[in-house]
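Shown next, in structure tokens, is the structure this report addresses.
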Amino acid sequence: MEPAFWHARWQENRIGFHLPEANPLLIRYWPVMQVAPGSNILVPLCGKSLDMLWLLDQGYRVTGVEISRIAVEAFFAENRPFSPRTGWSPSSNRPMASPAIAAMNS
């Protein structure tokens, strides 16, 4: 899919794919993965997924990557007191938020 598709979905608030809680299948099957607490977890195309907060609560370091700035801003607005830490995105040569979510410029 093209980036414009996702930008339009977030702009129009057509985000029926977003869950109001962490994904129940993630919660159910994560222990099978046997990932050591403290490990770095990447959540691509994260939107404003509460999976990231659940993973943080389990003791992981979480980085989300998202194409929509709207999704990134909504995540932080809805999940205070979390705030992005600044980092650098080598792929776009622009500042980014990490961990939690980085908005990729397209």
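The numbers here are math on the coordinates, done by the rules we state, and not lab data. All of these numbers come straight from a predicted model, not from anything done at the bench. Cβ: placed from backbone, ideal geometry, glycine included. Neighbour counts: every protein chain shown.
Couple of notes before you dig in:
- Ordering of 10-20, 48-58 by burial proxy (mean other Cβ atoms within 10 Å per residue, highest first): 48-58, 10-20
- Under-5 Å amide H pairs with GLY64, H placed in peptide plane, nonlocal only: VAL43, ALA100, ILE101, ALA102
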